[in-house]
Amino acid sequence: NKNDFKSIEVLDMSENIHFLLKKKKNWMIIDPVEMPASQNTIDGMISELAVLSAYQDVTTEKLRYRNFGLSVPRYKIKFSVGAEYHILYVGDINPTNSYYFVKDENKENIYMVDIARIDKLIKKSISDLRDKDFMQISEIEIKKLEINIKNKGKFIIKKNKENKWIV
């Protein structure tokens, strides 16, 4: 359930870049800087995590474990759902450039997971994650809009008694 997610942490192991998001009342970026997070962006990431599925189990190829890039993973995705923590290790991209090799920390299996789905989780910057809303005002709260145009006058739009906009 999307509402049960409490935190998401993504670490780029090669670039030593990470971010940590925590849900308090709303989602917040906690690290590397503390600021409000874009609720829509985080909801999108959670949606990806909630339905993440494997294309193929490649565990039988364990003799080539090094070739999966999981001995030193590229990314680490840690998230909490309720009281449970999950850690996914993201390794190399497969030879056809369509899938990442992914391993859950608590399982032995190694899976191929769609590259586009994983990229929606790991290819984020702080700028992508931060809340960019200038003001948070509900449309319902707005009763009047006044625009002053230099040397042209005013343009006023307001709601009437029936709550309809009039010029």
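The values are calculated or read from the model by the stated rules, or taken from the named source; none is laboratory data. Quick caveat: nothing in here was measured; it's all calculated off a predicted structure. Note: ideal-geometry Cβ built from the backbone for every residue, glycine included; neighbour counts use all protein chains shown. Only protein heavy atoms, including side chains, enter the accessible area calculation; ligands, DNA and RNA are left aside. Shrake-Rupley method; radii C 1.70, N 1.55, O 1.52, S 1.80 Å.
Figures for the structure shown
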quantity: Qualifying positions in the range 21-40 - free of Cβ contacts under 8 Å to residues at least 24 places away in the same chain and out of contact with any Leu (no Cβ under 9 Å at 6 or more places or on another chain); calculated: Lys22, Lys23, Lys24, Lys25, Asn26, Glu34, Asn40
quantity: Some residue of the range 49-67 being surrounded by 15 or more Cβ atoms within 10 Å (Cβ to Cβ) and under 14 Å from the mean Cα position of the chain (by Cα); calculated: yes
quantity: Selection from the range 138-165 of residues that are hydrophobic (A, V, I, L, M, F, W, C) and either farther than 30 Å from Ile29 by Cβ or open to solvent by 90 Å² or more (accessible area, probe 1.4 Å) (or both); calculated: Ile140, Leu145, Ile147, Ile149, Phe155, Ile156, Ile157, Trp165
quantity: Residues located in the range 68-77, provided they are at pLDDT below 90 and open to solvent by 20 Å² or more (accessible area, probe 1.4 Å); calculated: Ser71, Val72
quantity: Selected residue (criterion: surrounded by the most Cβ atoms within 10 Å (Cβ to Cβ)) from residues of the range 9-20 that are under 15 Å from the mean Cα position of the chain (by Cα) and in contact (Cβ under 8 Å) with a residue 40 or more places away in the chain; calculated: Val10
quantity: Pairs where the first residue, in the range 151-167, is within 15 Å of Ile140 (Cα to Cα) and the second is of a type in the set (Val, Ile, Thr) and in a loop (DSSP other than H, G, I, E, B), C-beta under 6 Å, 6+ apart; calculated: Ile157/Val167
quantity: Answer from Ser80, Ser127, Ser98 - the residue that is surrounded by fewer than 15 Cβ atoms within 10 Å (Cβ to Cβ), among the hydroxyl-bearing types (Ser, Thr, Tyr) and within 19 Å of Leu11 (Cα to Cα); calculated: Ser127
quantity: Failed criterion for Val113 (all others in (1) open to solvent by 50 Å² or more (accessible area, probe 1.4 Å); (2) closer than 21 Å to Lys2 by Cα hold); calculated: (1)
quantity: Among (1) under 20 Å from Ser53 (Cα atoms); (2) surrounded by 10 or more Cβ atoms within 10 Å (Cβ to Cβ); (3) of a type outside the set (A, V, I, L, M, F, W, C); (4) touching a residue at least 40 places away in the same chain (Cβ under 8 Å), the one test that Glu108 misses; calculated: (2)
